[in-house]
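**Student:** Quick one: the structure is below, and I'll ask about it shortly.
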Amino acid sequence: MDSRLNYFGNPLAGKVLKHINSASKVVSDSTLPAATQELVKIRASQINGCGFCTDMHTKDAAHAGETAQRLNLVAAWREATVFTEAERAALELAEQGTRITDAAGGVTDEAWANAAKHYDEDQLVALISLIAVINAYNRINVINQQPAGSYQPGQFG
């Protein structure tokens with residue numbers, strides 16, 4: 001399988017990715033727990049059908065010490081007992097924030113209030129930003145049909 005074009009080798013794409021990557025770095029340096037960040041990226045990527053990002057973030061999470069059990073259960077997090085209440089709130093926000101068109105009202109007040117019980121304002125800003133950024137990456141990769149499976153942890157720095 002080949003991508004539609006060499007997006008990552010294109011100079012214009014490089015300029016676009018520079019800004020998206022900068023936003024991603026701000027979020028990764030925030031106080032939002034790293035494990036939560038990876039879970040959110042994995043779940044949004046699963047919903048969007050982005051094999052490239054799902055491959056990347058499951059491998060990065062495993063490399064950082066995440067268990068196979070938790071990684072295998074991200075897609076079924078509602079029925080899984082291996083996630084904290086805070087992680088569950090973040091996953092719910094990620095799902096609703098990713099599936100905006102599925103509900104005319106976007107993210108529900110209930111999902112927001114639940115997340116706000118577990119995260120301070122800066123962490124909520126990081127969580128919103130993370131959901132937006134991973135959705136941008138997912139859309140780039142899905143539109144371009146970026147192949148998945150060959151990512152190595154730390155490959156992009």
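The values are calculated or read from the model by the stated rules, or taken from the named source; none is laboratory data. In this text the structure is predicted, and so the values were computed from the model without any measurement. For neighbour counting, all protein chains shown are included, and Cβ atoms are generated from backbone atoms with ideal geometry for every residue, glycine included. Note: accessible area is taken over every heavy atom of the protein model, side chains too, but ligands, DNA and RNA are not part of it. Shrake-Rupley method; radii C 1.70, N 1.55, O 1.52, S 1.80 Å.
**Student:** Kindly identify the range 8-63 as rounded, prolate or oblate by the Cα gyration tensor criterion: order the square roots of the eigenvalues as a ≥ b ≥ c, call it rounded if a/c is under 1.5, otherwise compare a/b with b/c, prolate if a/b is larger, else oblate.
**Tutor:** oblate
**Student:** Give me a comma-separated list of calculated 3J(HN,Hα) values for the range 72-80, in order, Karplus coefficients 6.51, -1.76, 1.60 applied at θ = phi - 60°, integers in Hz, x for any Gly or Pro.
**Tutor:** For the range 72-80, the Karplus-derived couplings read 5, 9, 4, 5, 10, 4, 4, 9, 9 Hz, x marking Gly and Pro.
**Student:** Now for a separate question. Please compute the per residue accessible area over the chain with all protein chains in place, 1.4 Å probe, rounded to a whole number of Å². Kindly include the intermediate steps, with their values, before the conclusion.
**Tutor:** Numbers: 8670 Å² over 157 residues.
Result: 55 Å² of accessible area for each residue.
**Student:** When we measure straight from the Cα of Lys59, which lysines land under 22 angstrom away, once same-chain ones fewer than 8 places off are left out?
**Tutor:** Lys25, Lys41
**Student:** Next question. What is the angle, in °, between the Cα long axis of helix 51-63 and the longest principal axis of the Cα atoms in the chain? Nearest 10 is fine, range 0 to 90.
**Tutor:** 70
**Student:** What is the P(r) of the chain, as percent of Cα-Cα pairs per 10 Å bin from 0?
**Tutor:** 11, 41, 36, 12, 1
**Student:** Then there's this: I'd like the carbon and sulfur percentage of the solvent accessible area for the chain, probe radius 1.4 Å, heavy atoms only, ligands and nucleic acids excluded.
**Tutor:** Here carbon and sulfur together make up 56 percent of the probe-accessible area.
**Student:** May I pose another question? Can you list which of the trypsin sites (Lys or Arg not before Pro) found in the range 1-92 are DSSP loop residues with at most 10 other C-beta atoms within 10 Å?
**Tutor:** Hits after loop and neighbour filter: Arg4.
**Student:** Here is a further query. In what sequence, largest accessible area first, do Ser22, Ser3 appear using a 1.4 Å probe?
**Tutor:** On the way: Ser22 65, Ser3 35 Å².
Highest to lowest solvent-accessible surface, that is Ser22, Ser3.
**Student:** Per-residue HN-Hα couplings for the range 26-31, Karplus 6.51 cos²θ - 1.76 cosθ + 1.60 at θ = phi - 60°, whole Hz, x for Gly and Pro?
**Tutor:** Once θ is set to phi - 60°, the couplings for the range 26-31 become 4, 5, 5, 8, 6, 8 Hz.
**Student:** For the range 138-151, in order, what is each residue's ³J(HN,Hα) by Karplus, 6.51 cos²θ - 1.76 cosθ + 1.60 with θ = phi - 60°, in whole Hz (x at glycine and Pro)?
**Tutor:** Per residue, the Karplus-derived 3J(HN,Hα) values read 4, 5, 4, 5, 5, 4, 7, 6, 5, x, 10, x, 9, 5 Hz.
**Student:** For the chain, what relative contact order do you get, as a whole percent, if you take Cα pairs closer than 8 Å and at least 6 residues apart?
**Tutor:** It comes to 40 percent, rounded to a whole number.
**Student:** Cβ under 15 Å from Tyr7's Cβ, Tyr7 left aside: what net charge do those residues give with Lys, Arg +1 and Asp, Glu -1?
**Tutor:** Net of charged neighbours comes to +3.
**Student:** Here is a further query. May I ask which residue of Val82, Gly106, Met56 lies farthest towards the positive end of the charge dipole of the chain, with charges of +1 (Lys, Arg) and -1 (Asp, Glu) on Cβ and the Cα centre as origin?
**Tutor:** Met56
**Student:** Determine the shape class of the range 21-113: with a ≥ b ≥ c the square roots of the Cα gyration tensor eigenvalues, call it rounded for a/c under 1.5, and otherwise prolate if a/b is greater than b/c, oblate otherwise.
**Tutor:** rounded
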